[in-house]
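What follows is one structure encoded as structure tokens, with my remarks underneath.
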Amino acid sequence: MFERRFLPIVVVFLVALLVLVVGLWASDRASYGNTVNQTASKSLASQQYHWKIVTTWPKNLPGLGSAAENFARFVSEMSDGRLTVTVYGAGEIVPAFEVFDAVSQGVAEVGHGASYYWKGKIPAAVFYTAVPFGMTAQEMNGWLHYGGGLELWRQLYAPFGVIPFAGGSTGVQMAGWFNRELKTAADLQGLKMRIPGLAGEVFNASGGTAVRIAGGEVYTSMQTGVIDAVEWVGPYNDRTLGLNQVADYYYYPGWHEPGAMLEFTVNKKAFDALPSDLQAIVRYATRAANQDMLDEFTARNNESLQSLLADGTQLRKLPDDVLKVLYDNAQTALASLTANDPMAQKIAHSYTAFANDVRAYHEISERAYLNVRDRVLPSVFPRP
Ligand code: CA
């Protein structure tokens, strides 16, 4: 006979058994979950990714071309080879002016080039390379990374499934190579010049004809007389292309590209498919390559200029009346760019507000310091 006095003991025993069984089950589930998670993260951590970067530059071009090479190297080093990137110059997979579409369509995961090349498709993209008489490299970097510029750029490219990153700056460029001297603004009449972006429209409004030509073809275009003038970058990269062999007069300052910013474009689907640590590596690799380009141009421009001058290049400053005409037409071109484009208006507002603020401080910092330094040090070039 079951004795009633044993009932509480049996109940306690059954409850304890239940707790034990449930506990074991839960522990087994948890350990199964951990194993799954560990296996998943181990498989992500060991998964290899291979990307392609297509560029708008001729293969192995120093300066502009080094950004893509640096990006590939930085990414591979930081990821210990989990993400590798092969660099393709213009024309190897797609022509220079199809880089944006190639990244948008996933033909390549990354692109390197200049946003103003896509002006026909995205007019407001010109703000992210250069605005004539606009911000310098230092100011552009400030606007992009601390002034809201990059967020607006991401919005601008979002409909194309492309994420932009700053891709290096040349600093202030040269106004370009001319096969004849410019004495007054009237000398711009009828001049055919390779000059892209908003500056091309300014040049057209000033009496010239702007022509859109990729870097790989500018030398031949000058040599064969297709164009009379060409702006490319500055002494370091212009000498690499041999532009001193096809024009005698080298004009400054680069009113049209005072801090030309290049871009990395990343296919959003490819970026989203990376584990978060590789996404961070991509972000920081672009940031490092961005700064590196400015450093390289800063270090190399003067030695290249001295070498060009020694080889017979004639250095000239643009006459003030030429600059005045170009400035007036730049204001008209900007107004017409933003007239019917709400996104361009938004970006222009952000750009202009930042430029005005930073200019106020640079009056008493960068400019004040350079003025003072010029007073105490001997002049390098004859002052106009
Ligand atoms: Ca340029």
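Observations on the model:
- Matching residues in region 100-115 - criterion: being of a type in the set (Val, Ile, Thr) and crowded, with 20+ Cβ neighbours inside 10 Å: 103, 110
- Across region 214-228, the qualifying residues are those that are free of Cβ contacts under 8 Å to residues at least 40 places away in the same chain and crowded, with 21+ Cβ neighbours inside 10 Å, and the one among them that is nearest to residue 241 (Cα to Cα) is 218.
- Count - residues of region 106-135 that are without any contact (Cβ under 8 Å) to a residue 24 or more places away in the chain and away from the ligand (no atom under 16 Å from the Cβ): 2
- Only helices (runs of 4 or more DSSP H) whose full extent lies in region 64-153 are considered here, and the ones with at least 2 residues that are farther than 18 Å from residue 282 by Cβ and in contact with a helix residue (DSSP H, G or I) (Cβ under 6 Å, 6 or more places away or on another chain) are 137-146.
- Residue in region 177-186 that is more than 30 Å from residue 284 (Cα to Cα), buried (at least 17 other Cβ atoms within 10 Å of the Cβ) and acidic (Asp, Glu) present: no
- Qualifying residue in region 233-252 (condition: under 22 Å from the mean Cα position of the chain (by Cα), closer than 20 Å to residue 320 by Cα and within 16 Å of the ligand (Cβ to nearest atom)): no
- Boolean, residue 285 is away from the ligand (no atom under 14 Å from the Cβ), under 12 Å from residue 75 (Cβ atoms) and not in a loop (DSSP other than H, G, I, E, B): yes
- Any hit, region 84-92, residues being modelled with pLDDT of 95 or more, acidic (Asp, Glu) and surrounded by fewer than 20 Cβ atoms within 10 Å (Cβ to Cβ): yes
- Filter result for residue 298 (on the phi < 0 side of the Ramachandran plot and outside any strand (DSSP E or B)): yes
- Considering each residue of region 176-199 in turn, at least one proves to be within 15 Å of the ligand (Cβ to nearest atom), out of contact with any Asp or Glu (no Cβ under 9 Å at 6 or more places or on another chain), part of a helix (DSSP H, G or I) and under 27 Å from residue 90 (Cα atoms).
The values are calculated or read from the model by the stated rules, or taken from the named source; none is laboratory data. Just so we're clear, the structure is a prediction, and the values are computed from it rather than from any experiment. Because the Cβ atoms are built from the backbone with ideal geometry, glycine has one as well, and the counts that use them run over all protein chains shown.
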